[in-house]
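Since the structure comes first, as structure tokens, the remarks are kept for the end.
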Amino acid sequence: MHRQAVETTSVKGRDDFNPQHRFVKVTGINAQGFVEFEFAVGSPELCVELMLPPAAFEEFCLTQKAVRLDALGLMTRH
């Protein structure tokens with residue numbers, strides 16, 4: 001059986017990857033009032049979806065020292 005080589009890019013090989021950088025991007029507020037957001041470590045493209053009550057979200061952002069991104073993935077001012 002012949003296996004085709006697949007080209008992959010290692011996250012560690014990227015110049016812009018820094019595990020000390022944290023990012024959040026709010027994606028919505030649900031019917032129960034929870035903040036829905038994406039959280040990323042190192043690179044905004046590598047994220048998980050989370051949701052927290054508003055006060056807990058603000059505390060999370062402060063604790064993580066996260067940079068907030070707008071809907072286009074650009075940094076926003078606080």
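A few remarks follow.
Matching residues to (1) modelled with pLDDT of 95 or more; (2) among the hydrophobic types (A, V, I, L, M, F, W, C):
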{"site": "Ala5", "(1), (2)": "no, yes"}
{"site": "Asn18", "(1), (2)": "no, no"}
{"site": "Arg22", "(1), (2)": "yes, no"}
{"site": "Asn30", "(1), (2)": "yes, no"}
{"site": "Glu38", "(1), (2)": "yes, no"}
{"site": "Ser43", "(1), (2)": "no, no"}
{"site": "Ala56", "(1), (2)": "yes, yes"}
{"site": "Cys61", "(1), (2)": "yes, yes"}
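- Under the condition of being under 25 Å from Phe17 (Cα atoms) and not in a strand (DSSP E or B), the residues counted in region 28-78 number 23.
The values are calculated or read from the model by the stated rules, or taken from the named source; none is laboratory data. Everything numeric here is computed off the predicted structure, so don't read it as measured data.
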